Amino acid sequence: MNLSNHFLVAMPDMEDAFFAQSVVYICKHDEDGALGIAINKPSPITMDMIFSATGKNIPMRMQHDSVMMGGPVQVERGYVVHTPVGNWQSSIGVSDGIALTSSRDVLENISREGAVDKALISIGYSSWGKGQLERELADNAWLTVPADEHILFDIPYEHRYAAAFAKLGIDPLALFSGAGHA
């Protein structure tokens, strides 16, 4: 099983403080584990802050975007999920058109015409050790669905969880395992 270029969608009853109601874009999945970026958890950092630190003008298309909290690992580092793949210093090719880059050169060129069409910027990432994600899937902690660039880049972050469930054709309210009391 290779879930690269898929979304992990947290089950509605997930109790983990960070991953509750998360959508994680899996950028790499192999026999050693998995690495992904949560795409619907805003951080307190704004795009204005990122671009003022690089000395570059913020692209108009990103002016109101939030920087995502990609996960609880290496929160002191930035990561960019972007299209097209391009030729950057530290990139992981996720699909034919999408890459994850952790080098500053992608940020320094994001305003340049044709360099980066769409981007999601995060601090930190999410990771699973060997066999860990497979165990969590077997325990029904997550649902999986092939990634959708529209959800990844175009839909506001607060609607991505519902959009991922809609792509599955499932109402998340139908999945709660607890019984109610009247």
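The values are calculated or read from the model by the stated rules, or taken from the named source; none is laboratory data. Everything numeric in this text was worked out from a predicted model, so none of it was measured. Here the Cβ is made from the backbone with ideal geometry for all residues, glycine too, and neighbour counts use every protein chain on show. These area figures cover heavy atoms from the full protein model, side chains too; ligands, DNA and RNA do not enter into them. Shrake-Rupley method; radii C 1.70, N 1.55, O 1.52, S 1.80 Å.
State which entries of Lys28/Lys56; Lys130/Lys167; Lys41/Lys118 exceed 21 angstrom in Cα-Cα distance in the structure shown.
Correct reply: Lys28/Lys56; Lys130/Lys167.
At what distance in nm do the modelled label points of Ile92 and Arg77 sit from each other, each positioned 7 Å from its Cα along Cα→Cβ?
That separation, rounded to one decimal, is 1.0 nm.
Given DSSP loops and a limit of at most 11 other Cβ atoms within 10 Å, what is the longest stretch of the chain that contains no such trypsin sites (Lys or Arg not before Pro)? Before the final figure, lay out each step's value.
On the way: sites that count: Arg112, Lys130.
The segment 1-111 is the longest one with no such site.
Need one number: % antiparallel among DSSP beta bridges in the chain, to the nearest 5. Present the calculation step by step, with values, prior to reporting the outcome.
Working: 33 of 35 bridges.
Bridges in the chain that DSSP calls antiparallel: roughly 95 percent.
Rounded to whole Å and sorted largest first, what semi-axes of the equivalent ellipsoid does the C-alpha gyration tensor of the chain yield via the square root of 5 times each eigenvalue?
Working: eigenvalues 166, 64, 42 Å².
The answer is 29, 18, 15 Å, longest axis first.
What size of dipole, in debye to the nearest 20, comes out for region 77-182 about its Cα centre when the only charges are +1 on Lys and Arg C-beta atoms and -1 on Asp and Glu C-beta atoms?
Values: 8 positive and 13 negative charges, 57 e Å.
Using Cβ point charges on Lys, Arg, Asp and Glu, region 77-182 gives about 280 debye.
Whose amide H sits under 5 Å from the amide H of Met68, counting only residues 5 or more places off or on another chain, with H placed in the peptide plane?
Ser43, Ile121, Ser122, Ile123
Where does the chain land at 222 nm, in deg cm²/dmol rounded to the nearest 500, when only DSSP H runs of n ≥ 4 count, each adding -39500 (n - 2.57), divided by all residues? Could the numbers behind the result be given before it?
Details: 4 runs with 29 residues, N = 182.
Rounded to the nearest 500, it is -4000 deg cm²/dmol.
By accessible area of protein heavy atoms, probe 1.4 Å, what ranking do Leu152, Leu107 get, highest first? Each step should come with its number before you reach the end.
Numbers: Leu152 0, Leu107 30 Å².
From most exposed to least exposed: Leu107, Leu152.
Once both labels are modelled 7 Å past Cα along the beta-carbon direction, what's the Asp13-Asp105 spacing in nm?
Each label point lies 7 Å from its Cα, and together they span 4.9 nm.
In terms of the Cα gyration tensor, with a ≥ b ≥ c the square roots of its eigenvalues, is region 1-98 rounded because a/c is under 1.5, prolate because a/b exceeds b/c, or oblate? Before the final figure, lay out each step's value.
Values: a/c = 2.06, a/b = 1.27, b/c = 1.62.
Judged from the Cα gyration tensor, region 1-98 comes out oblate (a/c at least 1.5, b/c at or above a/b).
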